[in-house]
Amino acid sequence: MNGNVLIVDDEPNAIKVLSAILSGEGYNVYKSFNVEKAVKIISNESMDAVITDLRMPDRDGLQFFEYLKENNPDIPVIFLTAYGTVESAVQTITRGAYYYFIKPPDYIKLKGILSRAVEEHRSKREAAGLFKDDSLVLDGDLKIIGKDREMQKIFETISAVRNTKSSVLITGETGTGKELIAKALHYSSSRSTKPFIAVNCAAIPRELIESELFGFEKGAFTSAISKRVGRFEEASGGTIFLDEIGEIELGLQAKLLRVLQEKEIERLGNNRKVKVDFRLVSSTNRDLEKEVDAGAFRKDLYYRINVVQLKIPPLRERREDVPLLVAEFVDELCRREGKCISVREDVMGLFTAYGWPGNIRQLKNVVERAIVLARGSEITPDELPEELLHGPPEPSAPAPGASVQTLKELEVNAIRSALEECNGNKSKAAKLLGISRKTFYKRLREI
């Protein structure tokens, strides 16, 4: 069925003709010859649109419209009347009516207007169903907590762009939940029944990522013993999520740009073009504008992937969400562990006051540790790591005679400091140290 439509008209022939036309279009049609019965139908059935006459014996269409505005303001109302005037048309439209037709209407146009009204109503109703109790809930398995105003704005943007084909760039620090936001975009969209393909660009070696994305034919290179479909083809009809897109090298960025422009790929070892239909969602913990200025990221690709940007705030900037997140994690983990544990008020204060450099990922890890270690029915400070109780440890004073470090120690400390400064981003750490990624990985293996 295309939707439920209520026709209200005191002329039986008018209802008969319109009902037959709309039923033929796949609508489930409800009929009423007066406003009183129409109100009863609306009270008992869910309607996607109402088509009503303007003048009727008991209560007229305007009075019915006012009732709907007060009780069912989301239902689009289309007026259909034989007594149309410019004044009445202006009056209904300015008060929020969806459209106004003079009898007999252009039925082809009416069908088009009705189809658009029903689609818009359904989209708004679905979007409204996403938001529950300061969180975004999709299917029970995917829930994003966010009472903070910035998170609420993100929810609103997800609702607005979820069914578009535009590319979305999600930015934020490591551990803020960028992949969860990407899943929310996909599973709340019209593509939700199609694949969601996530690719961690930072975890795939540079020499393999091209074949991973585009696929390859048998014999394309030495180890290609069979054909492999790439991630873009796997995502066709759905969404491809390129996590940490800033890690892709410049040479591959040019190929990626072409794929986004043409929506077609070439498998390695084959020049035949394959059409792909996907929605691109990307993420990064880098400042890509600075990367563009530094020549490390293509400007044209940046504009292509950054049509809509969702900036996820770090947890330290949304402290009011910490108790909500803790409660959610405690509930989830207690069910998993078969325990019933609460959080003491002083412990919740420690959770809220801490800066959480690892963001939500770190918070969940700490809660899990506390649940596993808890011996009683409450989480106490005894189950918390040292940094939550006293903050990060101060560096200890060097022992006598140990003030001079070896070159190896200096190198190890430099690498660790660079990784900490760059939130674990190895490519960025290598740049900070002024060495190549190859040299950096070699030194890292030697630690």
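The values are calculated or read from the model by the stated rules, or taken from the named source; none is laboratory data. Only a predicted model underlies this, so the values are computations on that prediction, with no experimental measurement involved. A quick note on method: Cβ atoms are made from the backbone with ideal geometry, for glycine too, and the neighbour counts reach across all protein chains shown.
At-a-glance table
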| item | result |
| --- | --- |
| Residue selected from the range 39-78 under the condition in contact with a Gly (Cβ under 6 Å, 6 or more places away or on another chain) and not charged (D, E, K, R), by the criterion farthest from residue 115 (Cα to Cα) | 54 |
| Search result, residues across the range 176-212 that are under 19 Å from residue 151 (Cβ atoms) and not charged (D, E, K, R) | 176, 177, 180, 181, 182, 184, 185, 186, 187, 188 |
| Subset of the range 47-70 (residues that are of a type outside the set (D, E, K, R), part of a loop (DSSP other than H, G, I, E, B) and under 12 Å from residue 36 (Cβ atoms)) | 56, 57 |
| Which listed residue, of 292, 281, 276, 199, is aliphatic (A, V, I, L, M) and farther than 28 Å from residue 173 by Cβ | 276 |
| Unique match (being of a type in the set (Asp, Glu) and at negative phi) among 244, 266 | 266 |
| Residues of the range 3-44 satisfying the condition of being of a type in the set (S, T, N, Q) and in contact with a strand residue (DSSP E or B) (Cβ under 9 Å, 6 or more places away or on another chain) | 4, 19, 23, 28, 32, 34 |
| Unique match (being over 21 Å from residue 120 (Cα atoms), modelled with pLDDT of 85 or more and surrounded by fewer than 14 Cβ atoms within 10 Å (Cβ to Cβ)) among 36, 87 | 36 |
| Check on residue 59, over 26 Å from residue 159 (Cβ atoms) and either modelled with pLDDT of 80 or more or out of contact with any Lys or Arg (no Cβ under 8 Å at 6 or more places or on another chain) (or both) | yes |
| Flag for residue 176 being of a type in the set (S, T, N, Q), modelled with pLDDT under 90, outside any helix (DSSP H, G or I) and farther than 30 Å from residue 14 by Cα | no |
| Residue within the range 198-209 that is surrounded by 14 or more Cβ atoms within 10 Å (Cβ to Cβ), more than 26 Å from residue 422 (Cα to Cα) and not aliphatic (A, V, I, L, M) present | no |
| Strands (runs of 3 or more DSSP E) enclosed by the range 251-330 - at least 3 residues per element that are surrounded by fewer than 19 Cβ atoms within 10 Å (Cβ to Cβ) and either modelled with pLDDT under 95 or touching a helix residue (DSSP H, G or I) at 6+ places or on another chain (Cβ under 8 Å) (or both) | 273-275 |
| Enumeration of residues in the range 193-218 that are in a loop (DSSP other than H, G, I, E, B) and either hydrophobic (A, V, I, L, M, F, W, C) or within 19 Å of residue 154 (Cα to Cα) (or both) | 201, 202, 203, 204 |
| Unmet requirement for residue 341, which otherwise passes all of (1) touching a helix residue (DSSP H, G or I) at 6+ places or on another chain (Cβ under 9 Å); (2) in contact (Cβ under 8 Å) with a residue 60 or more places away in the chain | (2) |
